[in-house]
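This report concerns only the one structure given below.
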Amino acid sequence: MSTRATWAVQPETSRGRLHPEPESRTRSPWQRDRDRIIHSSAFRKLQYKTQVFVNHEGDFFRTRLTHSIEVAQIARSVARELDLDEDLTEALALAHDLGHPPFGHAGEEALATAMKPFGGFDHNAQSLRVVTLLEGRYAAFDGLNLTWETLEGLAKHNGPLRKPPAYVAEYDARHGLILTSFPSAEAQVAALADDIAYHSHDLDDGWRAALFSPADLARLPVVGAALAEAARASLDVPPPRLRHETIRRVINALIVDLVEETRRRLAALAPADADAIRAARQPVVAFSPEMAQSNLAIKEFLFARMYRHWRVNRMTAKARRLTAALFTLLHSDTTLLPDDWRGRAGEPGTQRAALTVADYIDGMTDRFARDEYIRLTDLAVAG
């Protein structure tokens, strides 16, 4: 069992919760946060929200839920290797996509366009909104009442926020998340574990879907070397195993580089505590410059060959139109909303109505969004 480094976030120095609660006798503050996240309705809904392929396109493709679980596994492994707090890292990894709307980035793009006159839409800000406001599970407060450390990491896991989205700024005014500094090392690990999971499972899913071939991947940095190594180890086994052998080597290469570069940065900084990590001039958790360039090449390949593939384009175009139509219908006539949402929305066409409709749509699964659109537009279907 590893011990926490001095620069890890320490349970005994937690800045607590916005609404004070007695501490648990059996769990650390971040084990408790993780458990609240897992039991939230927003987390369960991730099972039926798109990663790249819409959920009904195949049982084996990743969803937002399986993506979040893979991020958490990678993040926890890295945190253990660096002697960070594994539970805080895991909580952040599991929560990072709670604000994603249905249909993945297509749904987000549609909501961002629709919400532009009303302050915009950002899934990271929405994740904070979900855990601090929209989850209604407790008698004493809205949201999940997570610790300051978890909320700080969720708000700025990608780095300091000089111009925070409206809701993040509003919440910061109440709870002081120090938005202009870096987050903890645990939050930085969760953010880069997200990149590792994205690249590895999108390579896996794109290969499985025949959007590109092993010959295409052979030219990519890191991936090409992993493929060649896997081919030597898979001469007499069924073809699908070549894919699995390749992807696990890609994941390993990314993790090893991340850990080694982070150790170099920690040694140079010699931080005394978690606040020294926050005050640093650059992230302490990072890939080496060479691996960062390789990651960029992988990202550009996936963008061109997967995210903009004509088969994916067809589905995302439909998803954008459907999400935009839902927003227009509900924002222009809030009487179409269910009773509990109608009271929140107020008058049609207003800022308040826009925020309520965005929250309503964001909480939908892919399947519910499709069904709701049919209920609102097809005369043959009962509302």
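Read-outs throughout are calculated quantities, based only on the coordinates presented, and are distinct from any laboratory measurement. Computed from a predicted structure; not experimentally measured. Don't worry about glycine lacking a Cβ; one is built from the backbone with ideal geometry, like all the others, and counts go over all protein chains shown.
Stretching the chain fully between Ala140 and Glu347 yields a gain of 71.7 nm (0.36 nm per residue, less the alpha carbon separation). Here the simple spin-label model places points 7 Å from the Cα toward Cβ, and for Asp216 and Ala233 these points are separated by 2.4 nm.
Between Thr6 and Asn158, how high is the FRET efficiency from 1/(1 + (r/R0)^6) when r is the Cβ-Cβ distance and R₀ = 30 Å? Nearest 0.05.
On the way: r = 25 Å, r/R0 = 0.83.
Efficiency, rounded to the nearest 0.05: 0.75.
Taking 0.36 nm per residue of separation and subtracting the Cα-Cα distance, full extension of the segment from Glu81 to Leu379 would add 101.5 nm.
Both the radius of gyration and Dmax for the chain are 21.6, 67 Å, in that order, over alpha-carbon atoms.
Determine the sum of side-chain charges near Gly343: Lys and Arg each +1, Asp and Glu each -1, restricted to other residues whose C-beta is under 14 angstrom from that of Gly343. Result for the local shell: -1. For the listed peptides 96-103, 72-79, a ranking on the average number of other beta carbons within 10 Å per residue, highest first, reads 96-103, 72-79. Rg over Rh for region 130-191 works out to 0.98, both radii taken from alpha-carbon positions and Rh defined as the Kirkwood radius. Two numbers describe the Cα atoms of region 192-271: Rg and Dmax, which are 14.8, 50 Å. Across region 315-383, the mean sequence separation of Cα contacts (distance under 8 Å, 6 or more residues apart), normalised by length, yields a relative contact order of 26 percent. In this calculation the C-beta distance from Ile69 to Asn252 is compared with R0 = 22 Å, giving a FRET efficiency of 0.75.
222 nm [θ] for the chain, helices only, -39500 (n - 2.57) per DSSP H run of 4+, per residue, to 500? Provide the component values of the computation, followed by the final result.
Working: 18 runs with 224 residues, N = 383.
Rounded to the nearest 500, the figure is -18500 deg cm²/dmol.
As a length-normalised measure over Cα pairs under 8 Å and 6 or more apart, the relative contact order of region 1-139 settles at 24 percent.
Per the Debye calculation on region 312-377 with a single equal scatterer at every Cα and no solvent contribution, log₁₀ I(q)/I(0) for q = 0.21, 0.28 Å⁻¹ amounts to -0.81, -1.28. Relative contact order of the chain: 20 percent, from C-alpha pairs under 8 Å at least 6 residues apart in sequence.
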